[in-house]
Amino acid sequence: KINPSKDNSNTELIEKLKLIRQEGDKFYTDEFYFKARDSYQSAIIIIEEFNKKEAILIEDLILKINSNLNLGRVEEAKLLLNKLESISNVSDLESLKSRINNYYEINDLIEESRYYLANNNFEQAIESINLAIYLDNQRLDSIQLKDEIKIRSDQYYFDLYIQLSYEELNNSNINTAFDYFNKAEKIFDSSEELIILGNSLQKYKKEY
(Lines give C-alpha, C1' and ligand atoms only; values in the text may rest on other atoms or scores of the structure.)
Protein backbone atom coordinates (compact mmCIF):
# COMPACT_ATOMS: atom_id res chain seq x y z
CA LYS A 1 0.00 0.00 0.00
CA ILE A 2 1.15 3.54 -0.78
CA ASN A 3 -0.60 6.47 0.85
CA PRO A 4 -0.92 9.69 -1.17
CA SER A 5 1.68 12.22 -0.06
CA LYS A 6 0.41 15.44 1.47
CA ASP A 7 1.83 17.45 -1.42
CA ASN A 8 0.47 14.99 -4.03
CA SER A 9 4.00 14.35 -5.33
CA ASN A 10 3.35 10.61 -5.72
CA THR A 11 -0.07 10.90 -7.40
CA GLU A 12 1.36 9.90 -10.79
CA LEU A 13 2.94 6.79 -9.31
CA ILE A 14 -0.31 5.77 -7.60
CA GLU A 15 -2.22 6.17 -10.87
CA LYS A 16 0.35 4.00 -12.62
CA LEU A 17 -0.07 1.30 -9.97
CA LYS A 18 -3.85 1.45 -10.31
CA LEU A 19 -3.53 0.78 -14.06
CA ILE A 20 -1.24 -2.19 -13.42
CA ARG A 21 -3.70 -3.49 -10.82
CA GLN A 22 -6.59 -3.12 -13.29
CA GLU A 23 -4.56 -4.95 -15.90
CA GLY A 24 -3.91 -7.77 -13.43
CA ASP A 25 -7.57 -7.90 -12.45
CA LYS A 26 -8.57 -8.25 -16.12
CA PHE A 27 -6.10 -11.06 -16.67
CA TYR A 28 -7.44 -12.74 -13.53
CA THR A 29 -11.06 -12.40 -14.65
CA ASP A 30 -10.14 -13.84 -18.06
CA GLU A 31 -8.36 -16.69 -16.26
CA PHE A 32 -4.91 -15.73 -17.53
CA TYR A 33 -3.52 -16.41 -14.09
CA PHE A 34 0.19 -16.28 -14.89
CA LYS A 35 -0.21 -12.93 -16.63
CA ALA A 36 -2.28 -11.68 -13.65
CA ARG A 37 0.46 -12.82 -11.28
CA ASP A 38 3.12 -11.06 -13.36
CA SER A 39 1.13 -7.79 -13.32
CA TYR A 40 0.64 -7.89 -9.58
CA GLN A 41 4.31 -8.81 -9.05
CA SER A 42 5.49 -5.83 -11.14
CA ALA A 43 3.30 -3.55 -9.01
CA ILE A 44 4.73 -5.02 -5.81
CA ILE A 45 8.29 -4.40 -7.00
CA ILE A 46 7.46 -0.75 -7.77
CA ILE A 47 5.89 -0.31 -4.30
CA GLU A 48 8.82 -1.95 -2.50
CA GLU A 49 11.33 0.26 -4.32
CA PHE A 50 9.30 3.37 -3.56
CA ASN A 51 8.93 2.50 0.12
CA LYS A 52 12.66 1.78 0.40
CA LYS A 53 13.58 5.15 -1.13
CA GLU A 54 11.02 6.93 1.06
CA ALA A 55 12.36 5.24 4.21
CA ILE A 56 15.90 6.37 3.35
CA LEU A 57 14.65 9.92 2.69
CA ILE A 58 12.78 10.03 6.01
CA GLU A 59 15.79 8.74 7.94
CA ASP A 60 18.05 11.30 6.25
CA LEU A 61 15.68 14.19 7.00
CA ILE A 62 15.28 13.20 10.65
CA LEU A 63 19.07 12.95 11.03
CA LYS A 64 19.58 16.38 9.46
CA ILE A 65 16.82 17.99 11.58
CA ASN A 66 18.33 16.67 14.82
CA SER A 67 21.82 17.66 13.70
CA ASN A 68 20.71 21.22 12.89
CA LEU A 69 18.95 21.54 16.25
CA ASN A 70 22.08 20.40 18.09
CA LEU A 71 24.01 23.09 16.19
CA GLY A 72 21.41 25.77 16.97
CA ARG A 73 20.23 26.08 13.36
CA VAL A 74 16.53 26.26 14.12
CA GLU A 75 15.39 27.85 10.85
CA GLU A 76 17.19 25.19 8.77
CA ALA A 77 15.53 22.53 10.93
CA LYS A 78 12.12 24.10 10.27
CA LEU A 79 12.64 23.99 6.50
CA LEU A 80 13.59 20.33 6.67
CA LEU A 81 10.60 19.62 8.89
CA ASN A 82 8.29 21.17 6.29
CA LYS A 83 9.73 18.78 3.74
CA LEU A 84 9.27 15.87 6.12
CA GLU A 85 5.66 16.85 6.76
CA SER A 86 4.86 16.33 3.08
CA ILE A 87 5.52 12.61 3.56
CA SER A 88 2.83 10.38 5.03
CA ASN A 89 3.22 8.16 8.09
CA VAL A 90 6.33 9.66 9.70
CA SER A 91 6.40 8.29 13.24
CA ASP A 92 8.83 10.85 14.73
CA LEU A 93 7.08 13.90 13.30
CA GLU A 94 5.43 15.13 16.51
CA SER A 95 8.62 14.62 18.50
CA LEU A 96 10.59 16.70 16.00
CA LYS A 97 7.93 19.42 16.01
CA SER A 98 8.15 19.52 19.79
CA ARG A 99 11.96 19.85 19.66
CA ILE A 100 11.69 22.83 17.32
CA ASN A 101 8.77 24.52 19.08
CA ASN A 102 10.44 24.25 22.50
CA TYR A 103 13.92 25.24 21.33
CA TYR A 104 13.94 28.85 22.56
CA GLU A 105 12.13 28.03 25.81
CA ILE A 106 14.82 25.44 26.50
CA ASN A 107 17.51 28.05 25.79
CA ASP A 108 15.95 30.25 28.48
CA LEU A 109 15.88 27.34 30.94
CA ILE A 110 19.54 26.57 30.24
CA GLU A 111 20.53 30.20 30.88
CA GLU A 112 18.43 30.20 34.04
CA SER A 113 20.14 27.03 35.20
CA ARG A 114 23.58 28.52 34.51
CA TYR A 115 22.66 31.61 36.54
CA TYR A 116 21.68 29.46 39.52
CA LEU A 117 24.83 27.38 39.11
CA ALA A 118 27.02 30.50 39.15
CA ASN A 119 25.43 31.39 42.50
CA ASN A 120 25.85 27.86 43.91
CA ASN A 121 22.09 27.42 43.99
CA PHE A 122 22.32 23.81 42.88
CA GLU A 123 18.74 22.78 43.65
CA GLN A 124 17.27 25.49 41.44
CA ALA A 125 19.90 24.80 38.78
CA ILE A 126 18.93 21.13 38.67
CA GLU A 127 15.22 21.96 38.66
CA SER A 128 15.61 24.25 35.64
CA ILE A 129 17.82 21.87 33.68
CA ASN A 130 15.56 18.90 34.43
CA LEU A 131 12.64 20.83 32.95
CA ALA A 132 14.74 21.60 29.87
CA ILE A 133 15.59 17.91 29.47
CA TYR A 134 11.94 16.97 29.98
CA LEU A 135 11.00 19.24 27.06
CA ASP A 136 13.78 17.80 24.88
CA ASN A 137 15.87 14.88 26.08
CA GLN A 138 18.07 15.01 22.96
CA ARG A 139 19.56 18.47 23.57
CA LEU A 140 23.24 17.78 24.18
CA ASP A 141 23.88 21.15 25.85
CA SER A 142 21.18 20.40 28.44
CA ILE A 143 22.62 16.98 29.22
CA GLN A 144 26.16 18.36 29.45
CA LEU A 145 25.06 21.15 31.77
CA LYS A 146 23.30 18.69 34.06
CA ASP A 147 26.53 16.68 34.29
CA GLU A 148 28.44 19.89 35.10
CA ILE A 149 25.93 20.80 37.83
CA LYS A 150 26.35 17.35 39.39
CA ILE A 151 30.16 17.60 39.36
CA ARG A 152 30.26 21.12 40.80
CA SER A 153 27.55 20.37 43.36
CA ASP A 154 29.38 17.29 44.61
CA GLN A 155 32.66 19.18 44.90
CA TYR A 156 31.00 22.14 46.65
CA TYR A 157 29.24 20.04 49.28
CA PHE A 158 32.23 17.75 49.76
CA ASP A 159 34.48 20.73 50.51
CA LEU A 160 31.79 22.22 52.76
CA TYR A 161 31.35 19.02 54.80
CA ILE A 162 35.13 18.62 55.18
CA GLN A 163 35.43 22.21 56.41
CA LEU A 164 32.50 21.85 58.84
CA SER A 165 33.89 18.58 60.15
CA TYR A 166 37.23 20.23 60.96
CA GLU A 167 35.43 23.13 62.62
CA GLU A 168 33.43 20.77 64.81
CA LEU A 169 36.58 18.78 65.60
CA ASN A 170 38.38 21.95 66.68
CA ASN A 171 35.40 22.70 68.93
CA SER A 172 35.61 19.15 70.37
CA ASN A 173 32.20 18.24 68.93
CA ILE A 174 33.36 14.80 67.82
CA ASN A 175 29.93 13.33 67.04
CA THR A 176 28.93 16.24 64.82
CA ALA A 177 32.37 16.13 63.18
CA PHE A 178 31.76 12.46 62.34
CA ASP A 179 28.32 13.31 60.94
CA TYR A 180 29.87 15.74 58.45
CA PHE A 181 32.59 13.23 57.70
CA ASN A 182 29.98 10.61 56.81
CA LYS A 183 28.18 13.08 54.52
CA ALA A 184 31.44 13.85 52.73
CA GLU A 185 32.19 10.13 52.43
CA LYS A 186 28.91 9.55 50.57
CA ILE A 187 30.12 11.96 47.88
CA PHE A 188 33.79 10.98 47.43
CA ASP A 189 34.54 7.92 49.51
CA SER A 190 38.19 7.53 48.44
CA SER A 191 39.35 11.14 48.47
CA GLU A 192 42.75 11.83 50.02
CA GLU A 193 41.27 14.76 51.97
CA LEU A 194 38.69 12.41 53.42
CA ILE A 195 41.35 9.91 54.49
CA ILE A 196 43.35 12.65 56.25
CA LEU A 197 40.23 13.90 58.02
CA GLY A 198 39.26 10.36 58.99
CA ASN A 199 42.67 9.78 60.53
CA SER A 200 42.38 13.02 62.52
CA LEU A 201 38.95 12.04 63.80
CA GLN A 202 40.06 8.56 64.78
CA LYS A 203 43.13 9.98 66.54
CA TYR A 204 41.00 12.46 68.50
CA LYS A 205 38.49 9.73 69.34
CA LYS A 206 41.25 7.42 70.58
CA GLU A 207 42.84 10.14 72.72
CA TYR A 208 39.43 11.08 74.08
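The values are calculated or read from the model by the stated rules, or taken from the named source; none is laboratory data. What you are looking at is a predicted structure, and each value in this text was computed from that prediction instead of being measured. Because the Cβ atoms are built from the backbone with ideal geometry, glycine has one as well, and the counts that use them run over all protein chains shown. These accessible areas exclude ligands, DNA and RNA; they are computed on the full protein's heavy atoms, side chains included. Shrake-Rupley method; radii C 1.70, N 1.55, O 1.52, S 1.80 Å.
Restricting to Cα pairs below 8 Å that are 6+ residues apart, what does the relative contact order work out to for segment 25-116? Please round to a whole percent. Taking the mean separation of contacting Cα pairs over the length of segment 25-116, I get 18 percent. For K78, the aspartates and glutamates whose Cα comes closer than 19 Å to its Cα, not counting residues fewer than 8 places off in the same chain, are D7, E59, D60, D92, E94, E105, D136. Net charge dipole, segment 121-208: roughly 220 debye, given to the nearest 20, about the Cα centre with Cβ charges of +1 for Lys and Arg and -1 for Asp and Glu.
The orientation-averaged projection of the convex hull spanning the C-alpha atoms of the chain amounts to 18.8 square nanometres.
Measuring nothing but protein heavy atoms, the accessible surface of the chain at 1.4 Å probe radius is 50 percent carbon and sulfur.
Sort out for me the Cα centre separation of segment 175-196 from segment 130-172, rounded to whole Å. Cα centroid to Cα centroid, the span is 16 Å. Taking Y157, Y208 and ordering them by how much accessible surface each has at a 1.4 Å probe, largest first, produces Y208, Y157.
Pairs with C-alpha atoms separated by more than 22 Å, drawn from the list K83/K146; K183/K205; K52/K83; K97/K150, are K83/K146; K97/K150.
Per-residue SASA remark: Y116, around 60 Å² accessible (1.4 Å probe; ligands, DNA and RNA not included). Computed from phi, the 3J(HN,Hα) profile of segment 153-167 under the Karplus parametrisation 6.51, -1.76, 1.60 (θ = phi - 60°) reads 5, 4, 5, 4, 6, 4, 4, 5, 5, 4, 4, 5, 5, 5, 4 Hz, with x in place of Gly and Pro.
Projecting the Cα positions of I187, L169, Q202 onto the charge dipole of segment 164-208 (unit charges on Cβ atoms of Lys, Arg, Asp and Glu, taken about the Cα centre) puts Q202 furthest along the positive direction. Place +1 on the Cβ of every Lys and Arg and -1 on the Cβ of every Asp and Glu in the chain, take the dipole about the Cα centre, and give the residue among I106, F27, L61 whose Cα lies farthest towards its positive end. Going by the charge dipole, the pick is F27. In the chain, taking the dipole from charged Cβ atoms about the Cα centre, the farthest positive-side position among N120, S142, Y156 is held by S142.
Pop the C-beta distance of K35 and N82 into the FRET formula with R0 = 35 Å and round what comes out to the nearest 0.05. After rounding to 0.05, the efficiency reads 0.20.
Around the Cα centre of segment 1-73, unit charges on the Cβ atoms of Lys, Arg, Asp and Glu (plus for the first two, minus for the last two) sum to a dipole of about 240 debye.
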